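The values are calculated or read from the model by the stated rules, or taken from the named source; none is laboratory data. This structure is a prediction, so every number in the text was calculated from the model and none was measured. Here the Cβ positions follow ideal geometry from the backbone for every residue, glycine too, while neighbour counts run over all protein chains shown. Remember, those area values only see protein heavy atoms, side chains included, never the ligands or the DNA or RNA. Shrake-Rupley method; radii C 1.70, N 1.55, O 1.52, S 1.80 Å.
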Amino acid sequence: MAAWIFIPHNSEAQHHYNAWFRTTLSHPVSEKIRIDTEWQHRRQNGQDNKNLLDKNLMFTFRNWMHYQHNEDVKFSVSPFAYFSHYRVIQQQADETAHPGKEIRLSAALELQHEIFRKLYITDRNALEYRMFGGSQSDITRLRNRLGIRYDLMKQIRFSFYDELLFNITGTPAGHFFDHDRISMNLEYSISSEVKLDLGYMHINRLSGYIIKENNIIMNLTCKL
């Protein structure tokens with residue numbers, strides 16, 4: 001995709017393997033308003049291995065409020081999110097480093113447009129304000145996720161998207177590009193109250209040089 005032109009090219013790159021797990025409790029307040037509470041845990045490989053469950057990578061607690069304006073337009077606000085970040089393991093010392101803390105505020109607009117029967121173009125734009133513990137500067141980050149979705153049947157959806165993340169304040173100019181996420185996802189509605197998402201995501205992340213991440217994703221959503 002054209003988004004690849006933004007990725008800095010560097011012959012030095014490190015490959016990484018992660019597993020992302022998320023559980024969401026979703027509470028419909030009205031026909032158009034829904035409140036979600038998320039718990040997320042990510043794991044990563046250790047030094048000199050490819051075991052994607054070996055070490056901690058992240059713990060997260062987050063609230064979202066979604067307003068479904070109509071079938072094709074959704075507004076979302078996250079007034080509070082807490083993140084505990086462990087270092088991406090690039091050397092032995094990273095395995096024992098203490099995690100960093102982050103408080104995050106977010107707002108997003110999500111659009112969809114049906115181009116053929118059951119086939120949609122999707123577009124999500126989000127703005128995040130990230131506040132870190134210690135001496136690290138706060139960061140404002142912009143995200144754009146463009147993709148396609150095919151509703152195979154009522155219970156099954158398949159999605160493919162590319163999401164670009166850019167730091168617009170709080171980092172040096174050379175770190176304007178943060179990372180690029182390319183993902184495939186299968187959504188299966190087990191019942192009207194339970195939904196399971198399974199997917200694979202490839203990330204090119206800038207950390208002095210490019211880190212290439214391979215991520216297996218599993219999300220479980222339960223409607224209260």
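Could the peptides 35-41, 148-154 be put in order, highest first, of the mean number of other beta-carbon atoms found within 10 Å of their residues? Can you show the working numbers first?
Details: 35-41: 15.4, 148-154: 12.9.
For the peptides 35-41, 148-154, the packing ranking is 35-41, 148-154.
Would you mind computing Rg(Cα) / (2.2 N^0.38 Å) for region 37-113, counting N as its residues?
Working: Rg = 16.8 Å, N = 77, 2.2 N^0.38 = 11.5 Å.
That works out to 1.46 for region 37-113.
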Legend entry - Å² per residue, accessible surface of region 177-224 at 1.4 Å: 44
Inset, instruction - Using a 1.4 Å probe and ignoring any ligands, DNA or RNA, find the accessible area of Leu53 and quote it in Å² to the nearest 10. - result: 90
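Starting from the residue with the highest accessible area, list Phe80, Phe116 in decreasing order, probe 1.4 Å.
Numbers: Phe80 85, Phe116 140 Å².
Descending accessible area places them as Phe116, Phe80.
For region 51-93, how big is Rg over Rh, using alpha carbon atoms and the Kirkwood form of Rh?
Details: Rg = 16.8 Å, Rh = 13.5 Å.
Computed over Cα atoms, the ratio is 1.24.
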Legend entry - Isotropic mean projected area of the C-alpha convex hull, the chain (nm²): 13.0
Legend entry - Inter-label distance for Asn63 and His15, nm, one decimal - labels placed 7 Å from Cα along Cα-to-Cβ: 4.3
Inset, instruction - For Lys50, go through the lysines and keep the ones whose alpha-carbon is under 30 Å away, minus same-chain ones fewer than eight residues off. - result: Lys101, Lys195, Lys212
Inset, instruction - State the extension gain, in nm to one decimal, for the chain segment bounded by Asp94 and Asn49, taking 0.36 nm per residue of separation less the distance between their alpha-carbons. - result: 14.8 nm
Inset, instruction - Return the whole-Å distance between the Cα centroid of region 98-145 and the Cα centroid of region 163-184. - result: 11
Legend entry - Principal axes of region 110-224: Cα extent on each, largest first, Å: 48, 32, 25
Legend entry - Accessible area (Å², 1.4 Å probe, nearest 10) - Asp48: 140
